[in-house]
1. Kindly establish whether residue 27 is within 25 Å of residue 206 (Cβ to Cβ), in contact with a helix residue (DSSP H, G or I) (Cβ under 6 Å, 6 or more places away or on another chain), modelled with pLDDT of 95 or more and outside any loop (DSSP other than H, G, I, E, B).
2. Just checking, which of 89, 49, 123, 82 is buried (at least 16 other Cβ atoms within 10 Å of the Cβ) and at negative phi?
3. Only one of (1) surrounded by fewer than 22 Cβ atoms within 10 Å (Cβ to Cβ); (2) at pLDDT 95 or above is not met by residue 220, so which one is it?
4. Of everything in the stretch 163-204 that's over 17 Å from the mean Cα position of the chain (by Cα) and assigned to a loop (DSSP other than H, G, I, E, B), which residue is surrounded by the most Cβ atoms within 10 Å (Cβ to Cβ)?
5. Whether any residue in the stretch 110-122 is in a helix (DSSP H, G or I), closer than 22 Å to residue 182 by Cα, free of Cβ contacts under 8 Å to residues at least 12 places away in the same chain and in contact with a helix residue (DSSP H, G or I) (Cβ under 7 Å, 6 or more places away or on another chain) is what I want to check.
6. Pairs, please: C-beta under 6 Å, at least 6 apart or cross-chain, first residue over 15 Å from residue 73 (Cβ atoms) and in the stretch 163-176, second at pLDDT below 95 and buried (at least 21 other Cβ atoms within 10 Å of the Cβ)?
7. I'd like to check something: does the stretch 4-20 contain any residue that is in a helix (DSSP H, G or I) and farther than 20 Å from residue 277 by Cα?
8. Would you confirm, using the coordinates I've provided, whether residue 99 is within 12 Å of residue 130 (Cα to Cα), under 20 Å from the mean Cα position of the chain (by Cα) and in a helix (DSSP H, G or I)?
């Protein structure tokens, strides 16, 4: 038996806590609007609320009797399109969570399938299921010819050969599994404030993620500067230390001034929280 509503609630929670985490360099948080003029903290709250029923539908699709992980993606995509429409309707046309809708669509579908089969919702099991759901995705979406990219992901693929969130999902979110989730587990075990744990996870993701959101506005040189600075701040201790916190504030100002928004890393921070929390859920 799959409790789709409860599984989905963890995903909505993940969007809410990620948006609230402060400071997030270049991103909307409780202190400022980051490198954005068309959205603020409350835009993200409205968007997350609008997505809640669609997140439940993702989980239900995965839990449907007789469903195969190998064909699940085709069932999830129309739900994702409906979720995008709901997001745009609630935000007045602002893209707050398009990338997150894709990530959580496949994660929730996979989690619904696992739960329906009576298995515990462990992060590795969910990510392994996501690999199956997304097998061949990059070849399907990027293997054809397109002269004019319709998304930042397509533009990054044409220019740099990067597969963005699709590649992350097809590989089972390795940045989350290898870097973010281990750190998040440590910080939560240390009883760090939730805010601080999320910001530290964001930093490690920014240091390693080839973020197509950054590339959508800038170039590879800017992305490399963002990665290097995030890595340096993490080495200073991030939210653990006074020097790290001061460096984060300065980094935020720098990215806002340069109009850099690492939104792909923010989505992966939300994914990290989701995977951490669902492990406590009873089947």
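The values are calculated or read from the model by the stated rules, or taken from the named source; none is laboratory data. For clarity, every value in this text was computed on a predicted model and none was experimentally measured. Here the Cβ positions follow ideal geometry from the backbone for every residue, glycine too, while neighbour counts run over all protein chains shown.
1. no
2. Details: 89 fails: buried (at least 16 other Cβ atoms within 10 Å of the Cβ); 49 fails: buried (at least 16 other Cβ atoms within 10 Å of the Cβ); 82 fails: buried (at least 16 other Cβ atoms within 10 Å of the Cβ).
From the options 89, 49, 123, 82, the qualifying one is 123.
3. Against the list (1) surrounded by fewer than 22 Cβ atoms within 10 Å (Cβ to Cβ); (2) at pLDDT 95 or above, residue 220 comes up short only on (2).
4. Of everything passing the filter in the stretch 163-204, 192 is surrounded by the most Cβ atoms within 10 Å (Cβ to Cβ).
5. The answer is no; no qualifying residue exists.
6. 164/153; 164/156; 164/212
7. Looking through the stretch 4-20, none of the residues is in a helix (DSSP H, G or I) and farther than 20 Å from residue 277 by Cα.
8. On the way: within 12 Å of residue 130 (Cα to Cα): no; under 20 Å from the mean Cα position of the chain (by Cα): yes; in a helix (DSSP H, G or I): yes.
When the stated conditions are applied, residue 99 does not pass them.
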